[in-house]
Amino acid sequence: MSERLLYVMDPMCSWCWGFAPVVKDLASRATRAGVRLDWVVGGLRRETSPLGEPTRTRILAHWQAVHAGTGQPFNFDAGLPEGMIYDTEPACRALVVARHLAPRRVAHLARLIQRAFYLEGRDVTHARVLLELAEAAGFARCCFAEAFDSAEQREATRADFAWVERLGIAGFPTLLAERNGMLALLTNGHQPLERLAPLLERWLERAAHA
């Protein structure tokens, strides 16, 4: 039997930032049961022009809603720096590279990217920022940079996006449970830990006795 959890997310998705404490707890529960959590990136936005003020205002309103609904902190004053092009592919690719080089560090890098974006007001669409964060997560900067720029990891990122699209996943965060290639949906969208923990525990119990 083969079981795992699949966390489908985007590091620049505000609801994924709101979900961060929940998925961290769920991953710990799964790990204790001998089930790993794998990260899949969804490609939330692929903008090509700098944010205009109306769009920035609308996104900050979403952040306010996430803050109100989850309690996660945001830096509303520094958020979405001027001139930022909201393209989440580079941040997603950074997690794909981390998954390739050291899967156990993906969660750490994801949290660093989220904190840099939502709390520190940093533009995590820039490679130099992502390389700094990868180094802080324990990756060798030169090795990470080489992989980040490689055609292989660009294609791996596109493959994640395509897989998510084929499944019809339209919102993040999404958490899937897989057993022997069969997928079960635990959540599509943010839900509190007290609602998801019992679902996960029941799935883990069935998996243990399958």
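The values are calculated or read from the model by the stated rules, or taken from the named source; none is laboratory data. The model shown is predicted, which means the values in this text are computed figures rather than measured ones. For neighbour counting, all protein chains shown are included, and Cβ atoms are generated from backbone atoms with ideal geometry for every residue, glycine included. The area values use the complete protein model at the heavy-atom level, side chains included, leaving out ligands, DNA and RNA. Shrake-Rupley method; radii C 1.70, N 1.55, O 1.52, S 1.80 Å.
Observations
- The chain: most fluctuating residue of R195, R141, R104 per GNM, C-alpha cutoff 10 Å: R195
- Looking at the chain, the accessible area is 49 square angstrom per residue; that uses a 1.4 Å probe and ignores ligands, DNA and RNA.
- Residues of segment 75-109 falling in the label zone of E53, defined by backbone nitrogen less than 15 Å from a point 7 Å along Cα to beta-carbon, are 82-83.
- For segment 11-83, the extents of the C-alpha atoms along the principal axes are 47, 27, 15 Å, listed from largest to smallest.
- Under a model in which nothing but the beta-carbon of Lys, Arg (+1) and Asp, Glu (-1) is charged, segment 113-192 shows a dipole of about 200 debye around its Cα centre.
- Helix axis angle, 106-118 relative to the chain longest principal axis, alpha carbon, degrees: 40 degrees
- Residues E194 and A61, FRET efficiency given R0 of 22 Å [Cβ-Cβ distance, rounded to 0.05]: 0.25
- The distance between label points at S2 and E82 comes to 5.2 nm (points 7 Å beyond Cα on the Cα→Cβ vector).
- Here the peptides 38-49, 174-185 are ranked by packing, the mean other Cβ count within 10 Å, and the order with the highest first is 38-49, 174-185.
- When shorter helices are ignored and each DSSP H run of at least 4 residues is given -39500 (n - 2.57), the per-residue value for the chain at 222 nm works out to -18000 deg cm²/dmol.
- Stretching the chain fully between R111 and D38 yields a gain of 24.8 nm (0.36 nm per residue, less the alpha carbon separation).
- Matching label, Rg/Rh (Cα atoms, Kirkwood Rh) computed from the structure shown, candidates (1) 0.99; (2) 0.96; (3) 1.02: (2)
- Probe 1.4 Å - accessible area at F139, Å² to nearest ten: 10 Å²
- Taking amide H positions as modeled 1.01 Å from N, with prolines and chain starts lacking one, no residue 5 or more places away or on another chain lies under 5 Å from V35.
- Spatially, segment 141-195 and segment 61-97 are offset by 18 Å when compared through their Cα centroids.
- Derived scalar couplings between HN and Hα for segment 168-176 equal x, 7, 9, x, 10, x, 10, 10, 10 Hz in order, rounded to whole Hz, by the Karplus curve 6.51 cos²θ - 1.76 cosθ + 1.60 (θ = phi - 60°), x for Gly and Pro.
- Mean projected area (nm²) of the alpha-carbon convex hull when segment 107-210 is viewed from all directions: 8.8 nm²
- Computed about the Cα centre, the dipole magnitude for the chain is approximately 580 debye when only Lys and Arg (+1) and Asp and Glu (-1) carry charge, each at its Cβ.
- Between R206 and R104, the C-beta separation translates, for a Förster distance of 22 Å, into a calculated FRET efficiency of about 0.25.
- Percent accessible area from carbon and sulfur atoms, the chain, protein chains only, probe 1.4 Å: 50 percent
- In sequence order, segment 78-89 has phi-based couplings of 8, x, 6, x, 4, x, 5, 9, 7, 10, 8, 4 Hz under the Karplus curve 6.51 cos²θ - 1.76 cosθ + 1.60, θ = phi - 60°, and Gly or Pro positions carry x.
- The ellipsoid that matches the Cα gyration tensor of segment 20-59 has semi-axes, each √(5λ) in whole angstrom, of 36, 13, 4, with the longest given first.
- With respect to the chain, whose longest principal axis is taken over its alpha-carbon atoms, helix 151-167 is tilted by about 60°.
- Rounded to the nearest 10 degrees, the inclination of helix 127-136 to the longest alpha-carbon principal axis of the chain is 50 degrees.
- Beta-bridge orientation, the chain: approximately 70 percent antiparallel, per DSSP, counting only bridges with both partners inside.
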